[in-house]
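Since every read-out is calculated from the coordinates, none of them should be taken as a lab result. Everything numeric in this text was worked out from a predicted model, so none of it was measured. Don't worry about glycine lacking a Cβ; one is built from the backbone with ideal geometry, like all the others, and counts go over all protein chains shown.
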């Protein structure tokens with residue numbers, strides 16, 4: 001490379017670098033300028049390389065990780081849904097069982113009252129007399145009606 005060509009290469013290269021630095025500084029400040037010449041071509045090439053880097057190809061690993069994550073989220077959501085459904089079912093069963101227990105308690109209370117009444121001496125005597133029994137020492141009078 002001749003000295004002149006070498007000097008031009010470095011001058012162009014340093015101008016392009018200065019143009020990049022100026023572009024970066026101007027973009028930070030929010031001003032829009034467009035460099036001309038070699039700097040513009042190099043800037044466009046740099047932008048294309050950056051775009052190509054940002055558009056990384058989808059690899060099998062990424063796809064597998066994505067699907068695994070999706071499957072995990074679906075399984076977790078399904079599990080939570082199943083737990084909620086099971087809880088609702090159990091709460092309904094508890095409510096039904098409490099209603100049945102309440103009905104059984106009321107029936108037990110009625111039965112206990114009936115037993116205590118049936119065990120009272122007055123009730124026992126009434127029933128026995130209705131069936132034709134008498135106390136010892138009582139005179140039983142039987143009335144026979146004439147039949148027609």
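Structural remarks
- Measuring nothing but alpha carbons in region 58-131 and taking Rh as the Kirkwood radius, the Rg to Rh ratio lands at 1.70.
- Legend: calculated FRET efficiency, residue 143 to residue 112, from the Cβ-Cβ distance at R0 = 25 Å, rounded to 0.05, equals 0.05.
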